[in-house]
Amino acid sequence: MKPKIGVFSFTSCEGCQLQILNLEDELPILLGQIEFVNFREAMSEKGEDYEIAFIEGSITRESEIEELKKIREKARILIAFGACAHLGGVNNLKNFHPQGSWLPSVYGRTDLFSDTIPTKRVKDVVPVEFVIPGCPIDKKEFLRFIQGLLLNIQPRLPDFPVCVECRSKGNICLVEEGKWCLGSVTRAGCDAICPTYREACAGCRGFVEEANIESLCNILMQNGLSKEEIRDKFRLFNGLEPIDL
Amino acid sequence: MSHDIHLHHITRVEGHGNIVLNIKEGRIEELRLEIVESPRFFEVMLVGRHITEAPPITSRICGICAISHTSASIKACEAALGITPSREVILLRKILMHAEVLQSHILHLYLLVAPDFFRVGSVIPLAKSNPDIVKRGLRLKKAANEICRILVGRHVHPIAMTIGGFTRVPTQRDLEEVRKVLEMAIPDMEETIRLFEGIDLPEFNRETRYCSLKEAEEYALYDGRLYSNDGKSMEVQKYREFITEEVIEYSTAKHVRSGDSSIMVGALARLNNNYSHLSDKAKEAAQRLGLTLPCTNPFMNNIAQVVESVHCIYDSLRLLDLLSSAYPYPQSPTPYTLKEGQGVGVVEAPRGTLYHEYGVDEKGMVRSVNCIIPTAQNLANIERDIAAIVPMILDLPKEEIERRLEMLARAYDPCISCSTHFLEVKFIE
């Protein structure tokens, strides 16, 4: 029996779903191994008999809470798929602005779409069995997860920081150059793609266990960043994580 | 004949939307294209952030047109800061825009639209019945994604694009690799033209206003003046005179008009306005595909996407030639100092004209934001098309009406996450 999979999208850019469609070489093989029964971006068929649910996006409306709970009831395994679902992602940035300012600044009125709520992570609403992190998700990590599923092996995320991958690629360290980068506290698995293209790691995969945030803050302050600037960097993807800055 | 159609969450489009249609004795009583995607409030989120974060944050508006958002955002930042990037940087950005348009059009044509022509529900049964077609679509999509990977790390949220240039400048070897990818894509593109030559699209014409960028010298995607086919032409800074946005009660995406007319943006609008600047191979493809311009059939937007895909491949090769002869490149990114300013950045995203405007203070903090998304600009026009086509298809069975309406909406390639999200049809009976 092929595992039946549903892909569901909440508040997001749908880029993580797109990463599934971006598995151009593997997709035809993948379709022989698993069955998508519900994947609105890609198909008209809508099955309710999924056992595995990939949840993309943050929860930002009352109605989304109810929808997510219904999916949870049907799914045996529920996966937070991508940074918006896992961490709140960039959607959490609105939480740092007064709620009363959101609707007027976009729609010029407050009587419409008023069920908008502060951004929640999927785990704030329902229990989550597994996370595929990243903004966007790494498509190879998605494949490894599917392989694990088929072989009945519990998938695991790397428990070391992005720095390890970055160093092994021989990249020049951005922090050592006096810039900022959150690679030392962020969970690896992305192959350090941002620093490899000379851009700072912004922490989209969430913190690695036992991340030494204090130590990184001290170094970044030595590099000339203010506390507020450092706080803003952490807030970009990890604004809902309890960090004391 | 009475129908109550409620297409809830239109499928094979990006995002969440509904078509609500209530027909009593052959008359439309109610017609709404509802956008029910959750609003995301980027205009709020960006305020108080540093200007250098505007491009990576606004890239997250849309996974499919991430490079367009990043480009429009960078251009708005550069306009606010008074930066002029080097010619080479602009050439590279143009190649990236081509890659994104190709990626997005191919995704739409092969994975979302093609199932309609083969009368299946999705690409998944299509992969069983016509594996060669699906594999070809995936190869072309991969080619476009490969170009982005080589130049800026990836397509879904490009990494190396930044204000003033690139955090990592592509090497000559990278450019050679891009060229190989493009050359290898040519036979598949040729087959794609052949595939669409054989496809019958519904005959339905309705005149509307076609809006796009327009340039004197080339087919405008990255730069140009605002232009509409009624002869209006202006600088991008005056976009608020060009189009007006309005809040619609049933749509989390605003609607857009030009004067009293709804507008159409995207591939067909661009071809209507800029056909003469297409590369020869693309013109040849248009001819073979029976696309005579100006064209007022929105279903032909699919064909326009095929023609643009051809253009993107051949024009990228031309841009690569210009780049290769200019190596080594000037310093990138161009150094700049922060200052107070206001800037507008406009590009042609795959689905149409994309506007970003920011105000920044002297410390480089964003103080005001406005983004106008292509799909939002098409919504009012899709509604009017539905109103015009329904009387022509009223006698068909309800399922067929639903199928046609979904196809019509899908022809616009709506991207609802962007416009906030899109489509289901609701009949009310």
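Some observations on this one:
- The angle between the Cα long axis of helix B:374-393 and the longest principal axis of the Cα atoms of chain B comes to about 20 degrees, rounded to the nearest 10.
- Counting Cβ atoms of other protein chains within 10 Å of each residue's Cβ and taking the mean over peptide A:46-58 gives 1.
- Acute angle (nearest 10 degrees) that the helix B:301-324 long axis makes with the longest principal axis of chain B, alpha-carbon atoms: 10
- Unpartnered cysteines - no second Cys beta carbon under 4.7 Å - across chain A: A:C13, A:C16, A:C84, A:C163, A:C166, A:C173, A:C181, A:C190, A:C194, A:C201, A:C217
- Just so you know, the Rg over Rh for the protein assembly as shown is 0.94, from Cα atoms, with Rh as the Kirkwood radius.
- When each of the peptides B:379-388, A:41-50 is scored by the mean number of other C-beta atoms lying within 10 Å of its residues, the order from highest to lowest reads B:379-388, A:41-50.
- Once both labels are positioned 7 Å from their Cα atoms along Cα-to-Cβ, the gap between B:R288 and A:E66 label points is 5.2 nm.
- Computing FRET efficiency as 1/(1 + (r/R0)^6) for B:I199 and A:D25, where r is the C-beta to C-beta distance and R0 is 30 Å, gives about 0.65.
- Span from the the stretch A:190-239 Cα centroid across to the the stretch A:41-114 one, whole angstrom: 26
- Relative to the longest principal axis of the Cα atoms of chain B, the long axis of helix B:398-411 makes an angle of roughly 20 degrees.
- Of the beta bridges in the protein assembly as shown, as assigned by DSSP with both residues counted there, near 70 percent are antiparallel.
- Average beta-carbon neighbours from other chains, 10 Å sphere, peptide A:34-45: 6
- Solvent accessible area, Å² - A:K70, 1.4 Å probe, full protein context: 130
- Sequence ranges B:253-261, B:48-56, ranked by mean other-Cβ count within 10 angstrom, highest first: B:48-56, B:253-261
- Entry comment: accessible area of the protein assembly as shown is 36 Å² per residue, from protein heavy atoms only and a probe of 1.4 Å.
- When both bridge partners sit in the stretch A:4-150, DSSP labels roughly 25% of those beta bridges antiparallel.
- Computed magnitude of the charge dipole of the protein assembly as shown (debye, nearest 20; Cβ of K, R +1, Cβ of D, E -1): 900
- Chain A packed on chain B takes about 5100 Å² of accessible surface away from a 1.4 Å probe, both sides summed.
- Each Lys and Arg Cβ is given +1 and each Asp and Glu Cβ -1; about its Cα centre, chain B then shows a dipole of about 960 debye.
- The stretch B:255-322 and the stretch B:392-416: distance between their alpha carbon centers, rounded to Å: 23
- Helical mean residue ellipticity (222 nm; -39500 (n - 2.57) per DSSP H run of 4+; nearest 500) of the protein assembly as shown: -12500 deg cm²/dmol
- Across peptide B:131-139, the mean count of Cβ atoms from other chains lying within 10 Å of each residue's own Cβ comes to 2.
- If R0 is 60 Å, the Cβ-Cβ spacing of A:K227 and B:E25 corresponds to a FRET efficiency of close to 0.30.
- Counting only protein heavy atoms and a probe of 1.4 Å, the accessible surface of the stretch B:146-197 is 50% carbon and sulfur.
- Among A:53-65, B:226-238, sorting by the average number of other beta carbon atoms lying within 10 angstrom of each residue, highest first, gives A:53-65, B:226-238.
- Surface composition of the stretch A:120-174: carbon plus sulfur atoms hold 54% of the accessible area, using a 1.4 angstrom probe and ignoring ligands, DNA and RNA.
- Modelled FRET efficiency - R0 25 Å, B:R173 with B:Q331, Cβ distances, 0.05 increments: 0.80
- Ordered from longest to shortest, the equivalent ellipsoid semi-axes for the stretch B:42-379 are 31, 25, 18 Å, each the square root of 5 times a Cα gyration tensor eigenvalue.
The values are calculated or read from the model by the stated rules, or taken from the named source; none is laboratory data. Quantities reported herein were computed from a predicted structural model and do not represent experimental measurements. Because the Cβ atoms are built from the backbone with ideal geometry, glycine has one as well, and the counts that use them run over all protein chains shown. The area values use the complete protein model at the heavy-atom level, side chains included, leaving out ligands, DNA and RNA. Shrake-Rupley method; radii C 1.70, N 1.55, O 1.52, S 1.80 Å.
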